[in-house]
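Remarks on the structure that follows.
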Amino acid sequence: MSFVRQFNALPLEALVKRSLSTTASAARESMSKARPSLADFAQLISPAAAESLEALCRRSQALTRQRFGKVIRLFAPLYLSNECINNCKYCGFSRDNPILRVTLSPEEALREARALKEQGFRNILLVAGEHPKFVSTGYLAECVRALHEEIPSISLEVRPMDTEDYRAMVLAGADGLVVYQETYDRAVYAEMHTAGPKRNFEWRLETPERAYAAGFRRLGIGALYGLGDWRSEAIAVAAHADYLLRNCWKSQLTISLPRLRPCAGEFEPLTQMTDRELAQLVCAFRLFLPDAGLVLSTREPAKLRDGLIPLGVTLISAGSHTEPGGYTGAGREKIHHTERGRIVELASGSSEWATGNRATNATGQFDIADERSAEEVAELIRRLGYEPVWKDWDAALTA
């Protein structure tokens, strides 16, 4: 049985109603439990639980230190391509957006990876738009092989594949797979994804299970907050994570908590999650899933990230670029302009999302909020009393 069947039977509406109507005493009771249930999680993200946020934060911090120690793992995204065949209203890479696009060669990807290596990174996430012509299985495997010789830990955030294609990625040297469902609300999902294979909600929902069958040792999931109601999304993510921990138990699990950021297309969030609610959600996930990694990206501003790090976060990005070639300018000479999926003549100033202060003028997926360098973030982690960890895995460990 896949998670799809369990998700279809999930009493999501009732759990959201429970969250909104719970009392302060019931929320405190859920907070005190050693093993909270999904219903308890719903109460931990309730308005009533927000009244006890300080106590929730203290419990989350203590539990995180008990399970993970005082370390924060660092990673960097490396964008391979911003070509895409999907139309997703909220994404800068959406097919119909008139943006500047490029796909790096494996050699150019290695150049980017070496620049990240010089900064200290040994954990890299390869990201690409979903276009099988430009970002084929063979191309991805070639990029992974090229980087794996120098980077010990490589994860992928690319188009969903079948198990056999994922197995090729594992054999090439990839050890992690990240896939956001974006939204677990079927109606909103259909509204947001207007064209392309990404419209298949259930195929995407089953992706982590196919990746697990292929041999990935790390799985990452999450919702993109700003599309559906955040409590409903969070409960669905929690249920999904709980299922994966029970059925894909040989793999480590991480949960990302991204909020929508400005991007090409100027999409405005459909819903809002406040900073305080994000802090509450981080702590609720920690209490419900004490052994899951919690990921915070440069989507969030520096001050907020600094405050959330001690509460339950275990993995953060730093010094990020969301455009291909962003670290070295690799691929600059191959950039082309597209309109509605077609290449058109490149004109000066043809895209307001091509900023001259980037290493390359290719359009990024979204604007980052924390623009500090990797070393600045690492120094901040040290000042908070934690140890920044640039490398936590090597294939030699399984040899």
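The values are calculated or read from the model by the stated rules, or taken from the named source; none is laboratory data. Only a predicted model underlies this, so the values are computations on that prediction, with no experimental measurement involved. Positions of Cβ are generated from backbone atoms using ideal geometry, with glycine treated the same way; all protein chains shown enter the neighbour counts. Keep in mind that these areas ignore ligands, DNA and RNA; they rest on the heavy atoms of the full protein, side chains included. Shrake-Rupley method; radii C 1.70, N 1.55, O 1.52, S 1.80 Å.
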*Qualifying lysines (Cα of each under 30 Å from Cα of residue 391; at least 8 residues distant if same chain)*: 70, 117, 250, 303
*asked:* Looking at the chain as a GNM with Cα springs under 10 Å, which of 271, 314, 183 has the largest mean-square fluctuation?
replied: 271
*Scan the stretch 101-198 for trypsin sites (Lys or Arg not before Pro) in coil per DSSP, keeping those whose Cβ has at most 12 other Cβ atoms within 10 Å, and list them by number.*
133
*5 angstrom amide H check on residue 126, placed H, neighbours 5+ away*: 78, 155, 156, 157
*Given charges of +1 on the Cβ of Lys and Arg and -1 on the Cβ of Asp and Glu, with all other atoms neutral, how large is the dipole of the stretch 114-233 about its Cα centre, in debye to the nearest 20?*
220
*How many percent of the accessible area of the chain is carbon or sulfur, using a 1.4 Å probe?*
50
*Report, for the stretch 225-366, the % of DSSP beta bridges that are antiparallel, rounded to 5.*
35
_the stretch 90-101 - phi-based ³J(HN,Hα) in whole Hz, Karplus 6.51/-1.76/1.60, Gly and Pro as x_ = 9, 10, x, 7, 3, 3, 7, 5, x, 10, 8, 10
*Cα centre as origin, Lys/Arg/Asp/Glu Cβ charges: the stretch 217-331 dipole, Debye*: 420
*Heavy-atom accessible area per residue - the chain, 1.4 Å, Å²*: 40
*Enumerate the amide H contacts of residue 72 below 5 Å, restricted to partners 5 or more residues apart or on another chain; note that Pro and chain-start residues carry no placed amide H.*
387, 389
*Most fluctuating residue of 28, 382, 342 in a GNM of the chain with Cα springs under 10 Å: which is it?*
342
_Quick test of your reading: applying the under-4.7 Å Cβ rule, which cysteines of the chain are isolated?_
57, 84, 143, 248, 263, 283
_Given the -39500 (n - 2.57) contribution per DSSP H run of 4+ residues, what per-residue ellipticity at 222 nm results for the chain, rounded to the nearest 500 deg cm²/dmol?_
-11500 deg cm²/dmol
*Can you give the convex hull volume of the alpha carbon atoms of the stretch 78-233 per residue, in Å³?*
116
*How long are the three semi-axes of the equivalent ellipsoid for the stretch 241-339, computed from the Cα gyration tensor as the root of 5 times each eigenvalue, in whole Å, largest first?*
30, 19, 15
*Along the principal axes of its C-alpha atoms, what lengths does the stretch 148-271 span, in descending order and rounded to whole Å?*
41, 32, 24
*Starting at the first residue of the stretch 314-329, write each ³J(HN,Hα) from the Karplus equation 6.51 cos²θ - 1.76 cosθ + 1.60 with θ = phi - 60°, in whole Hz, x for Gly and Pro.*
10, 9, 9, 8, 7, x, 7, 10, 10, 10, x, x, x, 8, 10, x
_Quick one: 3J(HN,Hα) in Hz for the stretch 266-283, Karplus 6.51/-1.76/1.60 with θ = phi - 60°, rounded, Gly and Pro as x._
6, 5, 9, x, 7, 9, 10, 10, 6, 4, 5, 5, 5, 4, 4, 5, 4, 5
*Around residue 32: net Lys/Arg minus Asp/Glu count, Cβ-Cβ under 13 Å*: +3
*asked:* Quick check for me: using +1 on Lys/Arg Cβ and -1 on Asp/Glu Cβ, what's the dipole size of the chain about its Cα centre, in debye to the nearest 20?
replied: 960
*Provide the percentage of antiparallel DSSP beta bridges, counting only those with both residues in the chain; round to the nearest 5.*
20
*For residue 89, which lysines qualify as cross-link partners when the Cα separation must be under 19 Å and same-chain residues fewer than eight apart are set aside?*
198
*Taking the Cβ of residue 217 as the centre, find all other residues whose Cβ is under 10 Å away and add up their charges (Lys, Arg: +1; Asp, Glu: -1).*
+1
*All other residues with a Cβ under 9 Å from the Cβ of residue 304 taken together, and with Lys, Arg as +1 and Asp, Glu as -1, what is their net charge?*
-2
*State the volume of the convex hull built on the alpha-carbon positions of the chain, expressed per residue in Å³ and rounded to an integer.*
126
